[in-house]
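Heads up, the thing below is written out as structure tokens.
The values are calculated or read from the model by the stated rules, or taken from the named source; none is laboratory data. It should be emphasised that the depicted structure is a prediction, and the values quoted were computed from it without experimental measurement. Backbone-built Cβ (ideal geometry, glycine too); neighbour counts: all protein chains shown. For the accessible areas, the whole protein counts, side chains as well, though only heavy atoms, and no ligand, DNA or RNA atoms are used. Shrake-Rupley method; radii C 1.70, N 1.55, O 1.52, S 1.80 Å.
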Amino acid sequence: MKFICRLPFAEDYILATHENIGKNRVEFSSFNGNKKLELKNNSLTYLKEENLENLFFNEVNLPEIDATENFPTHEIYIEEVKKAIEIIRENNLPKLVISRPIKKEISNLNLLDSFKNICSNYKNTLCYLLISEDEIWMGATPEILGKFNKKTQEFFTMSLAGTLPINEEWSDKEIEEQKPVSQYILEKLKDFSDDVKVSETYTHNSGNIKHLRNDFSAKINSEKLEELITKLHPTPAVCGIPKDFCKEKILEIENYNREFYAGYIKIETEEEIYYFVNLRCAKIFKNNIIAFAGGGITTMSNPEKEWQETELKSQAILNHLKF
């Protein structure tokens, strides 16, 4: 099992291989928390871009896709969004996040060039490639669930919600969608720290789309870190509020397994521990790739616009593949 990534704005790449000894250097947790992949290693390897050519990319055997996988059509997804809006109204929910898998047929995919292309186009994201014994994932996620400095005990996180194409103006829908995410994170952090700092809301650009964002920082006890992450995940940005009720409704409406999409990736270096929400990601097969994308649904949602939002988000991976 192998994992390579480039942290946001970093110059070097990080390589982790599973050696079954040492710390859990990299960990993938699924959306539901019922599946984990762990890469144990005594140390991480740091590489320059020119060193990538000598790695394992050309030795990978791509798995076959499961023929029984469910891929909702445009009409079905529109009905799913309408059902979500109905549930939101009936239960007075702030938001509910509905997603879908998007399949594209491919052939002769160049993993290395695709990964490098994603890295060059998304400087402010975690770009990664995971190759395990039976599955391959690639992603460029903009959302930090948590970043913890081991020396200073400083914890950082963000609320990232509301999505539009770069050239469109923010509307009440996106503003109201982002607010409960920020409020949820603030409430959770206050249970772990008496001194939580919050930034003003600002625009975060990610490729061809933008989001609304707030940043949070607080000093916390390192022994409470994993408990805090458990409380934060899944945030309203990928689930909804209240969490348990919305997770139940997501399973009911979506009718597919999110797997590692909207779960999180933990990366531990010598100085810091990172947790990234696994968004803008895709699962790669021999002749197909499945991208995952979703959106926060509110009473102001337009089902057709929600479909277009998932199309835009899926392009983060699908439009940057190399063959």
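Some points to look at:
- Looking across region 178-199, the residues that are loosely packed, with under 15 Cβ neighbours inside 10 Å, part of a loop (DSSP other than H, G, I, E, B) and in contact with a strand residue (DSSP E or B) (Cβ under 7 Å, 6 or more places away or on another chain) come down to 195, 199.
Residue by residue, here is whether (1) under 18 Å from residue 124 (Cβ atoms); (2) open to solvent by 40 Å² or more (accessible area, probe 1.4 Å); (3) at pLDDT 95 or above holds:
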position	(1), (2), (3)
201	yes, yes, yes
208	yes, yes, no
218	no, no, yes
224	no, yes, yes
229	no, no, yes
238	no, no, yes
246	no, no, yes
255	no, yes, no
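- None of 270, 248, 227 is more than 14 Å from residue 141 (Cβ to Cβ), of a type in the set (Asp, Glu) and outside any helix (DSSP H, G or I) except 270.
- Within region 257-287, being polar (S, T, N, Q), closer than 21 Å to residue 127 by Cβ and more than 13 Å from the chain's Cα centre (by Cα) holds for one residue alone: 269.
- Among the conditions (1) open to solvent by 10 Å² or more (accessible area, probe 1.4 Å); (2) touching a residue at least 24 places away in the same chain (Cβ under 8 Å), residue 290 misses just one, which is (1).
- Of all residues in region 14-55, those satisfying the criterion of being over 11 Å from residue 269 (Cβ atoms) and either touching a Pro at 6+ places or on another chain (Cβ under 8 Å) or in contact (Cβ under 8 Å) with a residue 60 or more places away in the chain (or both) are 24, 27, 28, 29, 30, 31, 32, 33, 35, 37, 49, 52.
- Extreme residue, nearest to the chain's Cα centre (by Cα), among residues of region 288-323 that are part of a helix (DSSP H, G or I), charged (D, E, K, R) and farther than 23 Å from residue 263 by Cβ: 305
- Only one entry in 262, 282 is small (Gly, Ala, Ser), under 27 Å from residue 108 (Cβ atoms) and either open to solvent by 30 Å² or more (accessible area, probe 1.4 Å) or not in a helix (DSSP H, G or I) (or both), namely 282.
- Subset of region 124-177 that is part of a loop (DSSP other than H, G, I, E, B) and basic (Lys, Arg) - its residue that is most open to solvent (accessible area, probe 1.4 Å): 151
- Residue 275 being within 21 Å of residue 128 (Cβ to Cβ) and either buried (at least 19 other Cβ atoms within 10 Å of the Cβ) or among the hydroxyl-bearing types (Ser, Thr, Tyr) (or both): yes
- Taking region 1-115 and the strands (runs of 3 or more DSSP E) fully enclosed by it, the elements with 1 or more residues that are surrounded by fewer than 17 Cβ atoms within 10 Å (Cβ to Cβ) and of a type outside the set (A, V, I, L, M) are at 23-29, 36-41, 45-47, 96-105.
- Options 89, 25, 100: the member that is under 22 Å from residue 285 (Cβ atoms) and at pLDDT 90 or above: 100
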